[in-house]
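> Got a structure for you, questions after.
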Amino acid sequence: MHVQSNTHRCVRSCFCRIPSDASSPASDAVRRHASLARCHVQSSTMRHRFNRRGFDLLLRPRAHRRDQNSSLRSFPRAGTTNRRQSDAQSSRDGPDQLVDEARQLPTPLCERPAAHFVQGKELWEWWKDSRRRVKDVGDSYYEQDGGPTEDELCRELDWLLDDSVAAFRTARGKDWSDTTWKRIRPETSRESFLNGDVLLREDLVCLHAIWKRRIANREPFQYLTNTSFWMEYVLVVGPGVLIPRPETEVLAEMARDFIQESPRHQSGAWADLGCGSGALSIAVADALEQCASDAVVWAVDKSPVALQYTQENARRSKLSHKIKTVEGTWFDPLMNLKGKLQGIVSNPPYIPQANLQNLQAEVGRHEPILALDGGSSDGLKELQIICTGARDFLRAGGFLGLETNGALHAKALEEKLRSMQHEDRSRAFHNIRIVSDLAGISRFVIARKNG
């Protein structure tokens, strides 16, 4: 079956996972329609302003929360690593290299100090030259494997500058005014811009290198900027951890709703199995924090690289005290919590093995195969393991939320949960239901454990 793809950030917020049976033109139209609805307001991030006295750090809400997880379509995974790395993946980014990179996690581009300035005319010429590179590529990536179109690459170029531009001044000796590329782009043809100066978070040499890698190597935009805008959070991402997808926000919201509506499940322990960058862990921990709960979230992943990203993103979100990272496979490191978990969320690898070779280049070449490979021909292996473990590890009334490949996957898991029993032959779960993602695809399976 052919692997389809989906992207979007603002106009197309990337990483909607498209099931292997959703390859029709109609479903592509649904995906595009859903992506148009994905535009949020970014949470607070550091901005910098430069004046004649030097750098003055300015903290204020960022005006553009783009779902910048774009151009990566197909079957995104939330970064769990359960299977042995394939030879191809090992040669691409061996474990030693990935661990070393993760020890020095970079700062997201949009939060770096604004320390470089360039004349407006020079920036404008670079932007036009970069657009010409995109035009040379055209829609060829989309035609090859469902990758980004020409229009989507042009939007990414503007996002790159929007993350980089910090301030503008009309002439030397004038004060700097805090701004963004989106705000000043309409003025770029005017003399006042061309003769002015633009303050950047990276110099043009660095931006040129980033854009060259994006076009020539098809490296994910989020890796190149070390940034993933997800829900209200700005997360650090990079090679070795899968970029969180926008549709996973639906699973996070369902877990948050359960926490708010069920006070007796606001204490104790939750688990995020296959935590990856820590996106789900952070969303759940934040909800527990807002309830003044003493509960903690156990973030489990087999990859030490993923755990380092989770730790860093928890620190950035001021939730380190609520998130405990532990290395291991699924429930193995949580044996002392059997029968005690208040809730389990998981976005495990679920791509059928036969479909891995058809992935979009941004995903298949660069994101960790361990976060994608569903472990079997149907991609259900890891999901079924989690369902079985949830029966033993959840306490009565506990929440189970799973993301799947959609459609047939979700139906298969629903049937499995309905058939599962306790030792006394009573049903293990109730309130079992399938929930659709933003594109209307049956994506999530949620349930409550029977007492």
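> Carbon-plus-sulfur fraction of the accessible area of segment 230-449, 1.4 Å probe, in percent? If you can, show how the numbers build up before the last one.
Numbers: 3490 of 7500 Å².
Percent of accessible area from carbon and sulfur atoms in segment 230-449: 47.
> May I ask you to order 194-205, 340-351 by the average number of other C-beta atoms within 10 Å around their residues, highest value first?
Details: 194-205: 18.8, 340-351: 25.9.
With the highest mean Cβ count within 10 Å placed first, the list reads 340-351, 194-205.
> Right, here's the next one. With every protein chain left in place, what is the accessible area per residue of segment 230-449 in square angstrom, probe 1.4 Å? Working shown, then result.
Working: 7500 Å² over 220 residues.
I get 34 Å² per residue for this part.
> Once you list every other residue whose beta carbon is under 10 Å from the beta carbon of L194, what net charge do they have if Lys and Arg are +1 and Asp and Glu are -1? Intermediate results must be reported in sequence, preceding the final value.
Numbers: positive: K121, R190; negative: E122, E125, E187, E191.
Net of charged neighbours comes to -2.
> Taking a quarter of the surface of the Cα convex hull of segment 230-449, what do you get in nm²?
On the way: hull surface 45.1 nm².
That works out to 11.3 nm², a quarter of the Cα hull's surface.
> Using a 1.4 Å probe, what is the accessible area per residue for segment 106-218, in Å²?
Details: 5120 Å² over 113 residues.
Ligands and nucleic acids excluded, the result is 45 Å² per residue.
> How big is the convex hull of the Cα atoms of segment 106-218, per residue, in Å³?
On the way: hull volume 11.3 nm³, N = 113.
Per residue, the Cα convex hull of segment 106-218 comes to 100 Å³.
> Ignoring ligands, DNA and RNA, please state the percent of accessible area on segment 106-218 from carbon and sulfur, probe 1.4 Å.
Working: 2400 of 5120 Å².
C and S atoms contribute 47 percent here.
> Probe 1.4 Å, all protein chains in place: accessible area of I243 in Å², nearest 10?
Roughly 0 Å² of I243 is accessible to a 1.4 Å probe.
> Out of segment 380-432, which trypsin sites (Lys or Arg not before Pro) are coil in DSSP terms and have no more than 11 other C-beta atoms within 10 Å? Walk me through the intermediate numbers first.
Numbers: sites: K381, R391, R395, K411, K416, R418, R425, R427; in loops: R425.
Loop-located and lightly packed - R425.
The values are calculated or read from the model by the stated rules, or taken from the named source; none is laboratory data. Small disclaimer: the values here were computed from a predicted structure and weren't measured. For neighbour counting, all protein chains shown are included, and Cβ atoms are generated from backbone atoms with ideal geometry for every residue, glycine included. To get the accessible areas, we keep the full protein, side chains included, count just its heavy atoms, and leave off ligands, DNA and RNA. Shrake-Rupley method; radii C 1.70, N 1.55, O 1.52, S 1.80 Å.
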